[in-house]
Amino acid sequence: MRSLSPLAACFLTAIALAFPGTARADTVTGTVRTAAGLPVAGVTLEFSGGVTPLNPTTDANGVFTITVVAGTYDIDFLPPQTTLAPRQYLGAVVAGTLNLGIVTLAPGFLLSGVVRTTAMAPIVGADINVYDAVTGEKLLTPTDNTTATGSFGVIVPAGTFDVRAAPPAGQLFVAILQENVVVSGPLTLPAFTLPPGFVLSGTVRNSQTMAAIVGGDIDVDNALTGARVQTPSDDTSATGAFSVIVPAGTFNITIDPPAGLAVQGRRILNVVVTGTTAAGTITLDPGFVLTGTIQRAGNLPVGGCDLDVDRVLGLQRLYTAYDFSEVNGTFRIVVPAGLFHLTITPPTGQALVARRILNLNVTGNQNLGTYVLTTGQWLSGTIFRGNGQIESGGNIDVFNPSTGEEIVTPNDMVAANGTYGVWVPSGTWNVRVRTKKASLYFDLTSSVPVSGPTTYTPGLPLSPVASYLGANVPGQSVPSGGAILVDFALYNPTASGAGGDLVVTLTDPAGGVTTLVPTLPFLLNPGQLIAAFGLPIPLPPANPAHLGLPFRLRLNVNFFGTSTTFETDDFSFLVQ
């Protein structure tokens, strides 16, 4: 066979480069219809990656057959009419013929509005994103930037959505989110008024190697209210850098490393922003990977469970990124070495009892196996005072009467209307109503049998002595061996004389108890109040291993001459 001349070989190579479609090509086919089953003609299919196949539209019967280079694509379905909502098909793997079957386009409605500054000037080029309020999935909304008048209009299906307006890159305005927007027809949203903001920046690195953490997620929350600040494009860059726009205020910054990296997340508290703010270099510590699976009876996976990790020493909660179970029930969290309690809280409404695994000793990567959650019974009711009024603000604790073990009951706070509701297993339990701080009523514990949905509505007796104990400066840290300043009060709300023995104790992070104020008898006349503010109480030197961990100061009122407590209050603080 004659070989090609060098000139011919170059010619053929040039042709191959000029026409990359001569590489392997494959086919995507299917049919686009409305929810009523009618074909939709003229729908344009757009492929990710800059691929532009010929004639990527549906025919009169809604059918499409498109040839593209083999690969994985996100495919956008863009209808020609505004009465249908666009749709996106993610991760289509094209190798051979891929038949997408029937692609249904939902009816679409115009969602419109305007984005402006606090000075009422339009913001041009603002980006509008629409998210499913339940799943968080981002909807496809082509041409969703604001016009010269600051207005926008996107087509969405019926549903409940969160809608975010973000300023154009480089403009110092804070993005705004309107939550739980219900769309059932054309809807004009209230104006998005974006406040001025400041640049908050920093760099995230591995604490051991100082390598950049690439693709880490930055979240910013108001330190006072907990409200999340919207920070679009907040992932760390190839150098580990981030830059977000936030308003003036005090914030908590959360850094989540990329999923799959054996590095712990981190939360930095009380960052004050009054202008351009550089957070400097933030380091994330490597850790050990804990994996496992959460199921219910029948080997059924439970997704959406929240996992919380507490150090046994001081019961100090760790921040753990991605601390939830996936749809298949699996979870993966990264923690440091140490001894921990793990709490699993199932999603609300699953009729499952939360579970706590005690004393996990973490010394390396570990598969914790499968945890099976028990089906629960709904225990609920209203908390009343002895005078028939509701008592709000306390919480419900449930214990096994045989072992004293606490049954985990998340979301067990008593609401403003006095109601509560928790999931517990079937059985007979000791249910304790813990009243709110400075309440005039007793805590109350009762034996409650539970074999199905159960209503428990106790009436709380009036306490002969109401107590209050609090830090004079909330959240203060105290030097080891120093004195803590406290506010305290004792009050007799009854029509008779009352009193007892006052005892003040200190509990260290390991659970050791030291009596700071020994038995001190007192007697109160009806309506009498004893109070002190900024009272110094000396503390013993702390174990160096306990520095930086929470201690608890407790005031007990005991019956005269006994160790039986009938009234108590406490608060936590750190010793440095």
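The values are calculated or read from the model by the stated rules, or taken from the named source; none is laboratory data. As the structure is a prediction and not an experimental result, all values here were calculated from the model. No Cβ is skipped: glycine too gets one built from the backbone with ideal geometry, and neighbour counts run over all protein chains shown.
Taken over the stretch 451-508, the criterion of being of a type in the set (Gly, Ala, Ser), crowded, with 18+ Cβ neighbours inside 10 Å and farther than 30 Å from Pro540 by Cβ is satisfied by Ser463, Ala498. Checked against (1) modelled with pLDDT of 95 or more; (2) more than 23 Å from Leu300 (Cα to Cα); (3) surrounded by fewer than 15 Cβ atoms within 10 Å (Cβ to Cβ), Asp397 passes all but a single condition, namely (3).
Residue by residue, here is whether (1) of a type in the set (Asp, Glu); (2) at pLDDT below 95; (3) more than 20 Å from the chain's Cα centre (by Cα) holds:
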position: Gly216; (1), (2), (3): no, no, no
position: Thr225; (1), (2), (3): no, yes, no
position: Phe242; (1), (2), (3): no, no, yes
position: Ile245; (1), (2), (3): no, no, yes
position: Thr254; (1), (2), (3): no, no, no
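What residue, among those in the stretch 450-485 that are over 34 Å from the mean Cα position of the chain (by Cα) and not hydrophobic (A, V, I, L, M, F, W, C), is nearest to Thr409 (Cα to Cα)? Going through the qualifying residues, I end up with Gly459.
Does Ala60 satisfy being modelled with pLDDT under 70, among the aliphatic types (A, V, I, L, M), over 18 Å from Ala85 (Cβ atoms) and out of contact with any Asp or Glu (no Cβ under 8 Å at 6 or more places or on another chain)? No, not satisfied. Cβ separations smaller than 8 Å between residues 6+ apart or across chains give the following pairs from the stretch 239-259 residues that are farther than 23 Å from Gly287 by Cα to residues that are at pLDDT below 95 and among the hydroxyl-bearing types (Ser, Thr, Tyr): Val244/Ser233.
Every listed requirement among (1) within 30 Å of Leu368 (Cα to Cα); (2) of a type in the set (S, T, N, Q); (3) within 18 Å of the chain's Cα centre (by Cα) is met by Thr283 save one, (3). Mind checking whether some residue in the stretch 323-331 is crowded, with 17+ Cβ neighbours inside 10 Å, of a type outside the set (A, V, I, L, M, F, W, C) and either over 22 Å from the mean Cα position of the chain (by Cα) or in a strand (DSSP E or B) (or both)? For the stretch 323-331, residues crowded, with 17+ Cβ neighbours inside 10 Å, of a type outside the set (A, V, I, L, M, F, W, C) and either over 22 Å from the mean Cα position of the chain (by Cα) or in a strand (DSSP E or B) (or both): absent. Hey, does the stretch 191-198 have a residue that's of a type outside the set (Asp, Glu) and over 30 Å from Gly153 (Cβ atoms)? Yes, the stretch 191-198 has at least one match. Taking the conditions exactly as written (more than 29 Å from Asn400 (Cβ to Cβ), among the hydrophobic types (A, V, I, L, M, F, W, C) and in a strand (DSSP E or B)), does Ala532 satisfy them or not? Here the answer is yes, as Ala532 does meet what is asked.
When the stretch 354-378 is limited to residues that are of a type in the set (Val, Ile, Thr) and in a strand (DSSP E or B), the one that is nearest to Asp310 (Cα to Cα) turns out to be Ile357.
Of everything in the stretch 539-557 that is of a type outside the set (A, V, I, L, M, F, W, C) and out of contact with any Ser or Thr (no Cβ under 7 Å at 6 or more places or on another chain), the residue that is surrounded by the fewest Cβ atoms within 10 Å (Cβ to Cβ) is Pro544. Of the residues making up the stretch 220-271, those that are in a loop (DSSP other than H, G, I, E, B) and at negative phi number 20. Within the stretch 76-112, the set of residues being of a type in the set (Ser, Thr, Tyr) and over 30 Å from the mean Cα position of the chain (by Cα) comprises Thr82, Thr83, Thr97, Thr104.
When the stretch 431-444 is limited to residues that are assigned to a strand (DSSP E or B) and in contact (Cβ under 8 Å) with a residue 24 or more places away in the chain, the one that is farthest from Tyr491 (Cα to Cα) turns out to be Val431.
The residues listed here are Thr428, Thr409, Thr382, Thr403; of these, the one that is hydroxyl-bearing (Ser, Thr, Tyr) and either closer than 30 Å to Asn492 by Cβ or assigned by TED's automatic domain parsing to the domain that holds Val557 (or both) is Thr382.
Look at Gly304 and say whether it is more than 27 Å from Thr343 (Cα to Cα) and either part of a strand (DSSP E or B) or not hydrophobic (A, V, I, L, M, F, W, C) (or both). Against the criterion (more than 27 Å from Thr343 (Cα to Cα) and either part of a strand (DSSP E or B) or not hydrophobic (A, V, I, L, M, F, W, C) (or both)), Gly304 does not qualify. For the stretch 227-240, taking the residues that are surrounded by fewer than 15 Cβ atoms within 10 Å (Cβ to Cβ) and among the aliphatic types (A, V, I, L, M), the one that is nearest to Gly275 (Cα to Cα) is identified as Ala227. Restricting the stretch 407-428 to residues that are part of a strand (DSSP E or B) and touching a residue at least 40 places away in the same chain (Cβ under 8 Å), the residue that is farthest from Thr348 (Cα to Cα) is Ile407.
When we screen Gly260, Gly275, Gly369 for residues that are modelled with pLDDT under 95, loosely packed, with under 14 Cβ neighbours inside 10 Å and not aromatic (Phe, Trp, Tyr), the only hit is Gly260. Counting the residues of the stretch 34-57 that are in a loop (DSSP other than H, G, I, E, B) and either more than 12 Å from Ile102 (Cα to Cα) or small (Gly, Ala, Ser) (or both) gives 15.
Inspection of the stretch 380-389 identifies at least one residue that is at pLDDT 95 or above, part of a loop (DSSP other than H, G, I, E, B) and of a type in the set (A, V, I, L, M, F, W, C). Being outside any loop (DSSP other than H, G, I, E, B) and in contact (Cβ under 8 Å) with a residue 24 or more places away in the chain: is that true of Val204 here? Considered against the rule, which asks whether it is outside any loop (DSSP other than H, G, I, E, B) and in contact (Cβ under 8 Å) with a residue 24 or more places away in the chain, Val204 comes out as yes.
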